[in-house]
């Protein structure tokens, strides 16, 4: 039987600020094509984890392996990861097309190549009719799709998403949850999704990693977490909160 190498392996990751432990010997795997949510409240360490994975911060110790190769010493640009920030980080003075093209030109694609890739990706996310608009002329959901298209255009091995749905209103949030899941399946993308919202995590994820104070409380499928919470914390933070909504 073939043993699959995880797309991403985090091993014994530790991080502290001013003697306060933020990540406590954290380990987990992310498989190719998987949608894994990191679920936890503010201050649990999930955003610090994301920043370390993308290369914006350094861990105190531990390993980050991508397809078996240690990438801890590589720059953000060389890690083969894309990121969609909570505020989308679109350039307000650029059109939709220019926003998607920009990173491709930094990668030294020719102008023609960059435009072709950007146009194809925007078509895939349903924004071909919006290419000449500026971000301020778009809805929140459309802005999110531009941010996702910009990331997908770079063809990253892994996409990190930093609570990209939380800024939307309730109606658009429901629409974008469905669209995000559809895009992930369409592109067979490997995604790691940061969220504090239990409902988002359960709707989108193949597996969920529940975090609390820098520790992994449970890593399992949504169904298993709901049916068999591994701790009192998981029961109160996840199961009880979902039960209140339904």
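With a Förster radius of 45 Å applied to the C-beta separation of residue 107 and residue 246, the computed FRET efficiency comes to 0.50.
The computed semi-axes √(5λ) of the Cα gyration tensor in Å for the structure shown corresponds, within (i) 40, 25, 15; (ii) 37, 18, 16; (iii) 30, 22, 16, to (iii). Take every DSSP beta bridge whose two residues both sit in the chain, then give the antiparallel share in percent to the nearest 5. Among the beta bridges of the chain, antiparallel pairing accounts for roughly 55 percent.
Over the C-alpha atoms of segment 81-155, the Rg to Rh ratio, Rh being the Kirkwood estimate, stands at 0.92.
By the count of other C-beta atoms within 10 Å, a proxy for reagent exposure, 74, 56, 219 are ordered fewest to most as 56, 74, 219. Could you tell me how many degrees, from 0 to 90 and to the nearest 10, lie between the Cα long axis of helix 96-106 and the main elongation axis, the longest principal axis, of the Cα atoms of the chain? Roughly 80 degrees, rounded to the nearest 10.
Kirkwood hydrodynamic radius of segment 24-166 from all distinct Cα pairs, in Å? Computed over segment 24-166, the radius equals 16.4 Å. If you run the Gaussian network model on the chain, springs between alpha carbon atoms under 10 Å, then out of 27, 236, 213 the most flexible one is 236. Cα centroids of segment 88-104 and segment 30-84: how far apart, whole angstrom? About 24 Å separates the Cα centre of segment 88-104 from the one of segment 30-84. Taking each DSSP H run with n ≥ 4 as -39500 (n - 2.57) and averaging over every residue of the chain yields -10500 deg cm²/dmol at 222 nm.
Here, each number is a calculation from the coordinates, and none is a lab measurement. It should be emphasised that the depicted structure is a prediction, and the values quoted were computed from it without experimental measurement. Positions of Cβ are backbone-derived with ideal geometry, glycine not excepted, and every protein chain shown enters the neighbour counts.
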